[in-house]
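**Student:** Submitted below is the structure of interest, expressed as structure tokens.
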Amino acid sequence: MNAKRSPEWSVYESAPFRPRPQEVTERVAASAIDQLFNSVEKRLARTLLLLARYGKQDQPQRILPKISEEALGEMIGTTRSRVNVFLNKFKKQGFIHTNGGLHINSSLVSVVLHD
């Protein structure tokens, strides 16, 4: 099946952007290990922190661009309903709030670091 792609994707199909087979294999292995050894809660917390750019040289974004629970679920290998459960838990604990966007509190890192 030959799916039509939008012109925007054509730039990613050029050689400099195409990952090497070894890179793809390494990413798949890292993702599998992550899913085996880390809980959904930790994977979601880490993904939110990465999206908010915590740990980067420049200033972290405290408000994330609009992203669906379904998209977050696909990123971490779980369902939208599980994402919803943990987002609500993070809200109750004060790690995030959703007033005009998804605001990430730096204390969310404690979820990732906690055993």
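The values are calculated or read from the model by the stated rules, or taken from the named source; none is laboratory data. None of the values given here were measured: they were computed from a predicted structure. Note: ideal-geometry Cβ built from the backbone for every residue, glycine included; neighbour counts use all protein chains shown.
**Student:** Among the residues of the range 82-98 satisfying the criterion of being free of Cβ contacts under 8 Å to residues at least 12 places away in the same chain and more than 12 Å from residue 41 (Cβ to Cβ), which is surrounded by the fewest Cβ atoms within 10 Å (Cβ to Cβ)?
**Tutor:** Selected residue: 92.
**Student:** While we're on this one: Name the pairs whose Cβ atoms lie under 9 Å apart, with the first residue in the range 45-60 and under 15 Å from residue 111 (Cβ atoms) and among the small types (Gly, Ala, Ser), the second assigned to a loop (DSSP other than H, G, I, E, B) and modelled with pLDDT of 60 or more, and 6 or more positions between them or separate chains?
**Tutor:** Close Cβ pairs satisfying both conditions: 45/95; 52/61; 52/62.
**Student:** Out of the residues in the range 49-73 that are at pLDDT below 90 and in a helix (DSSP H, G or I), which is surrounded by the most Cβ atoms within 10 Å (Cβ to Cβ)?
**Tutor:** 49
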